[in-house]
Amino acid sequence: MPSSDPLPPKEGALFRKLLKCYELKQYKNGLKLAKQILSNPKYTEHGETLAMKGLTLNGLGRREEAYKYVRLGLRNDLRSHVCWHVYGLLQRSDKKYDEAIKCYRNALKWEKDNLQILKDLSLLQIQMRDLDGYKETRHHLFTLRPSQHASWIGFAMSYHLLRDYEMANSILDTFSQSQTSVEPHDYRHSELLLYQNQILIESDRLQQALEHLIKYEAQIVDKLAVRETMGDLYIKLQQHEKAVLIFESLIRRNPENVLYYEQYLAALQVTESSAVVAVYREFQKQYPRALCPQRLPLNVALGDEFREVTNEYLRRGVRKGIPPLFVNVRTLHQDPSKAAIIEKLALEYFENLTRSGHFSREDADAGLPVEPASALVWTALFLAHHYDYMRDTDRALEYINVAIDHTPTLIDLLITKGRIFKHAGDPVEAYVWLEEAQSMDTADRYINSKCSKYMLRADMVSEAEEICAKFTREGVSAMDNLNEMQCMWFQTECALAYQRMGRLGESLKKCHEVERHFAEIVEDQFDFHTYCMRRMTLRAYVGLLRLEDVLRQHPFYFKAAKCAIEVYIRLYDKPLKSETTIEEIDIENLPPSELKKLRSKQRKAKKKAELESAQAAQAQVKREQHQKSKQQANQETDPDAPQLDELVAEKLERTDDPLEKAIDFLKPLQQLAKERIETHLLAFEVYYRKNKLLLMLQSIQRARAVNPAHPEVHSCVVRFMKSLAATVKQQPLNEHVQQVLDKATKELIGSKTPQQLNDEFIAKHNASILHLYEGARGLYELDHSKRAAAIKLVTSFNLSKIRLEEAIKVYTALRDGDVFGECEAEANAYQQACHERFQYARVFRNVEELEAQLQEKEAAKLRAEEEQQQFNHVDSSSSEPVSNSAATVAAS
Amino acid sequence: RMNIRSAKAEDLIAMQHSNLLCMAENYHMKYYILHNISWPQLSYVAEDDSGRIVGYVMAKVKEEGTVKHGLITSLAVKRSHRRQGMAQNLMRQSIRAMVECFKAQYVALHVRKSNLPALRLYSNVLHFYVVALEPKYYRDGEDAYTMR
């Protein structure tokens, strides 16, 4: 490559060696070579050498020096494509892709046909989804190297991604015509054909796609893809008889695929429920062991037929003892009439199994053999699940206890009992049962994970971590290892637990860790841009690109982001006191006894804090060592990985601008989770606090587009009106903004005042507690003097018609005093009333009762231990003669 | 209802999630992506009634000389969904694809010496047999059987 500042032969040779060394990752040798060139007084300022020195330093992890030398080199030789390319590579290794693209473009100004630079540029363009740029670069590469396969593929793909199917298809057509010989079993060729077929289907040229598939069927090795696609095309092209045959053969191949049955029925054009059931019955005969033909008719059957097929299905499941039997029919419960039939059947089994060991009286009268004894247990478990689903805690517990009394060693039963308590609002009792289950099978990570999750629900983070540690790598803390392994469920549950406990920094740390996993997964695709060309698995690759485009749509991201946004909002509403002010409690007015208590509390807290900070310091040292060793390891394997700043809880919770931080988490939700109303409600909360009227309005409109009847939308409208009035009062708005706002408010509430709107809302929704709650909020918000009325509105609602989650929402609002102001007395009264309605829910029980319960448990534990000790004592004293005789026997 | 189908890119996070819940051997997302891009036909997932992923099999093809063979990287079914033959069905689908798409001559896998239910599935139901014992194959020091 010609240089703008050429070196003489000796130095030129050294420079080429330097490039080689970099490629081979021999960075130390590379530095020596650079030094040799630069030590020649004529070339101490040589740009390309300085730049390469910088890049080599980067390979050694010396990032700051790397930037210094690369920039110096570039400044000395701005017309060198090498310098620009090197600068681009450095930025790329730092994940500054936009900057890197600019550098490559500059490099190409001086060397427009450089293959390596073009290839590198195309990778960044696809990574950044600069699809037009990608197309240009791939076109350029194609004209430079038309003989290479990759040139054709990349060229075609760039059009496909831009949805220019016509062009993509014709490129691939020309390419495959140029390929003269095809090996008999050529996986890559086969993948390419299927990729082209996908393009045809996406461009809606179905007939052409079908012909293409038929023509090349013999050359395609992925027979399943051929059959599935062909069958689908036959249905779409109304060639039903052909589709029937294909789906018959696919069901033979995999009788557990729901879609095959659905498409088979579509091809048969059978829709009437009895006819569909008859089709499934045929399959039951053909594939007696398959589950789909047994389960699927339950979805379509109605009335007596539903009763019949469900009866068969449940009996089979109970007889065999399938733990997920209830889960398999749970979705049917959405239809109340189906749920009622299921309940009746299961109760019948239970009654008759208890009485005679048969499923029904008819079976008993007919003298049929009795069912296995375990059938009763599985029936009881099924009923427990059923009543748990119906939130009938008492009956659920009744049946699960019957099952446990019958078979105390069946772990599934204990898990179910725990789940019942969880749903009933007692996370502590719930985790106790999971812990019991866990102790019965310590080798099973699934129970271990569940146990840990239940502990987190009970806000026991360190216990949960300890349990997890049984399955994480030794020598690293479980928390670190779970983070390293991208264990998002655990981290999200931790974040939520910390949020409940008010340890906001810790909570944020976990949320950010999850966010980093997502960032890493986006990063992960980089290597596959070139790799996929070698494997030719282009359908999978396009699938990956499309996944990455919407990656943060995943519920794991949503959950963590929601938590982070809520925490940041709370930090904005109630900023943490700086550490010094916490101590400044008004001690002068305290009675001596209280003062004493406070002092001792402070002493204890101080001691604890000292201990914790010592531990934290130790942990920090450990972490640093770990980080260092990781960095060293990274240098060997991946010099490109930039180091992320460590997440520190104390820093996170003392951010200067919590709302901006919240917006970072909000943005992906607004883009990718538009269909979830919470996204827009959260957005409103953020913009309300920033007093951004137009953005508030936008959030309201988007929320209404999802569900105009959602109760929280009302509160948003009321608060928006209030903010609007206050803002206008202060200073008139820009004319255009005012116009937009006027038009929108007219659409939202017409000519009503906010008070009128709120009154109408309350009157209209007096049967829904969640709506009344929002109405009450509005009432208080608009006129603080109506506080008592607002509180009465929610607390007087008939508790028998309220769900647990709703009661908790109302109660916590009263207790925390941040919605209706301080109202301790009302909160306590409401708590008492709720306690009577939801006797298991922990949040409604008072502290004394819980403490008494705890003490009772401790005492029972102690008693049990004492008894055990006494027993051991008796045991060991009585066992002596036995062991003596055993010794004698052994000796003889 | 259960549904056994070929795994897609959208399933990868759920597969990793199942793996982390059930198995002691865990992998980074990139490893799942690698499997998906390299051998897209070999991974299968099992869904429950609500479309949640409750089991998966992930596999690859190795080439030693001219002989290709399949290798099961990971197989898991949530405890809450066992005893329905899911693992067996997942395995059968994956193995068939190995032969069809990659001409695998045989299929190999590693299993913990102590994992009796899995051993039973592989040998009694799927007719695998033990070809070797790999001492301390697992991170925690447990031995593995290599089966074909």
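The values are calculated or read from the model by the stated rules, or taken from the named source; none is laboratory data. This structure is a prediction, so every number in the text was calculated from the model and none was measured. FYI the Cβ positions are ideal-geometry reconstructions off the backbone, even for glycines, and counts take in every protein chain you see.
Sort out which residues of the stretch A:527-555 are in contact (Cβ under 8 Å) with a residue 12 or more places away in the chain, surrounded by fewer than 22 Cβ atoms within 10 Å (Cβ to Cβ), within 15 Å of A:Ile126 (Cβ to Cβ) and within 10 Å of chain B (Cβ to nearest Cβ), and write them in order of number.
Correct list: A:Val542, A:Leu545, A:Glu548.
From the list B:Ile4, B:Ile37, B:Ile33, B:Ile13, which residue is facing another protein chain (nearest Cβ under 8 Å), in contact with an Asp or Glu (Cβ under 9 Å, 6 or more places away or on another chain) and part of a helix (DSSP H, G or I)?
Of B:Ile4, B:Ile37, B:Ile33, B:Ile13, the one residue that is facing another protein chain (nearest Cβ under 8 Å), in contact with an Asp or Glu (Cβ under 9 Å, 6 or more places away or on another chain) and part of a helix (DSSP H, G or I) is B:Ile33.
Can A:Arg803 be described as surrounded by 12 or more Cβ atoms within 10 Å (Cβ to Cβ) and modelled with pLDDT under 95?
Spelling it out, it is not the case that A:Arg803 is surrounded by 12 or more Cβ atoms within 10 Å (Cβ to Cβ) and modelled with pLDDT under 95.
Determine whether A:Phe175 is touching a Leu at 6+ places or on another chain (Cβ under 9 Å), of a type outside the set (Ser, Thr, Tyr), under 23 Å from A:Tyr531 (Cα atoms) and at pLDDT below 95.
It is true that A:Phe175 is touching a Leu at 6+ places or on another chain (Cβ under 9 Å), of a type outside the set (Ser, Thr, Tyr), under 23 Å from A:Tyr531 (Cα atoms) and at pLDDT below 95.
So, A:Leu224, is that one within 11 Å of chain B (Cβ to nearest Cβ) and crowded, with 16+ Cβ neighbours inside 10 Å or not?
Answer is yes for this residue.
Could you say whether any residue in the stretch A:421-442 is surrounded by 22 or more Cβ atoms within 10 Å (Cβ to Cβ), β-branched (Val, Ile, Thr) and more than 10 Å from chain B (Cβ to nearest Cβ)?
no
Could you tell me whether any residue of the stretch B:59-66 is buried (at least 21 other Cβ atoms within 10 Å of the Cβ) and within 11 Å of the chain's Cα centre (by Cα)?
Yes; the residues of the stretch B:59-66 include at least one that is buried (at least 21 other Cβ atoms within 10 Å of the Cβ) and within 11 Å of the chain's Cα centre (by Cα).
With A:Gln269, A:Gln238 as the choices, which residue is out of contact with any helix residue (DSSP H, G or I) (no Cβ under 7 Å at 6 or more places or on another chain), loosely packed, with under 15 Cβ neighbours inside 10 Å and over 30 Å from A:Met536 (Cβ atoms)?
The conditions single out A:Gln238.
Please go through (1) surrounded by fewer than 17 Cβ atoms within 10 Å (Cβ to Cβ); (2) in contact with a helix residue (DSSP H, G or I) (Cβ under 9 Å, 6 or more places away or on another chain); (3) part of a helix (DSSP H, G or I); (4) without any contact (Cβ under 8 Å) to a residue 12 or more places away in the chain for B:Ser50 and return the number of the only condition it doesn't satisfy.
The number of the failed condition is (3).
Looking at the stretch A:238-249, can you tell me whether even one residue there is among the aliphatic types (A, V, I, L, M), over 27 Å from A:Glu343 (Cα atoms) and within 14 Å of chain B (Cβ to nearest Cβ)?
no
For a quick check of your reading of the model, give me the residue pairs whose first member lies in the stretch A:68-89 and is farther than 15 Å from A:Leu19 by Cβ, whose second is part of a loop (DSSP other than H, G, I, E, B), with beta-carbon atoms closer than 7 Å and at least 6 apart or on different chains.
Close Cβ pairs (under 7 Å, with a partner that is part of a loop (DSSP other than H, G, I, E, B)) amount to A:Asn76/A:Glu45; A:Asp77/A:Ser4; A:Asp77/A:Asp5; A:Arg79/A:Ser4.
Restricting to helices (runs of 4 or more DSSP H) lying wholly in the stretch A:778-864: which have 2 or more residues that are among the hydroxyl-bearing types (Ser, Thr, Tyr)?
A:804-816
Could you name every one of the helices (runs of 4 or more DSSP H) located completely within the stretch A:295-345 that has at least 1 residues being facing chain B (nearest Cβ under 9 Å), in contact (Cβ under 8 Å) with a residue 24 or more places away in the chain and surrounded by 19 or more Cβ atoms within 10 Å (Cβ to Cβ)?
A:297-300, A:325-329
Residue-wise test of (1) among the hydrophobic types (A, V, I, L, M, F, W, C); (2) under 27 Å from A:Leu733 (Cα atoms); (3) part of a loop (DSSP other than H, G, I, E, B); (4) at pLDDT below 95.
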site: A:Asp656; (1), (2), (3), (4): no, no, yes, yes
site: A:Lys661; (1), (2), (3), (4): no, no, no, no
site: A:Asp664; (1), (2), (3), (4): no, no, no, no
site: A:Lys667; (1), (2), (3), (4): no, yes, no, no
site: A:Lys674; (1), (2), (3), (4): no, no, yes, no
site: A:Thr679; (1), (2), (3), (4): no, no, no, no
site: A:Tyr687; (1), (2), (3), (4): no, yes, no, no
site: A:Gln698; (1), (2), (3), (4): no, yes, no, no
site: A:Arg702; (1), (2), (3), (4): no, yes, no, no
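Under the condition of being in a helix (DSSP H, G or I) and of a type in the set (D, E, K, R), which residue from the stretch A:250-263 is nearest to the other protein chains (Cβ to nearest Cβ)?
Only one residue fits best here, namely A:Arg253.
Provide a single number: the residues in the stretch A:389-420 that are within 13 Å of another protein chain (Cβ to nearest Cβ) and not acidic (Asp, Glu).
9
In the stretch A:556-573, is there at least one residue being within 11 Å of another protein chain (Cβ to nearest Cβ), closer than 27 Å to A:Glu513 by Cβ and in contact (Cβ under 8 Å) with a residue 60 or more places away in the chain?
Checked against the condition, which is being within 11 Å of another protein chain (Cβ to nearest Cβ), closer than 27 Å to A:Glu513 by Cβ and in contact (Cβ under 8 Å) with a residue 60 or more places away in the chain, the stretch A:556-573 yields at least one hit.
Residue-wise test of (1) at negative phi; (2) of a type in the set (Gly, Ala, Ser); (3) out of contact with any Phe, Trp or Tyr (no Cβ under 8 Å at 6 or more places or on another chain).
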| site | (1), (2), (3) |
| --- | --- |
| A:Asn798 | yes, no, yes |
| A:Leu804 | yes, no, no |
| A:Ala807 | yes, yes, no |
| A:Tyr811 | yes, no, no |
| A:Leu814 | yes, no, no |
| A:Asp818 | yes, no, yes |
| A:Gly821 | no, yes, no |
| A:Asn828 | yes, no, yes |
| A:Gln839 | yes, no, yes |
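From the set of residues in the stretch B:80-131 that are within 14 Å of another protein chain (Cβ to nearest Cβ) and either of a type in the set (Val, Ile, Thr) or in contact with a His (Cβ under 7 Å, 6 or more places away or on another chain) (or both), which is nearest to B:Tyr145 (Cα to Cα)?
Only one residue fits best here, namely B:Val111.
Need the failing condition index for A:Trp489 against (1) in contact with a Phe, Trp or Tyr (Cβ under 9 Å, 6 or more places away or on another chain); (2) within 14 Å of chain B (Cβ to nearest Cβ); (3) free of Cβ contacts under 8 Å to residues at least 60 places away in the same chain, just the number.
A:Trp489 satisfies every listed condition except (3).
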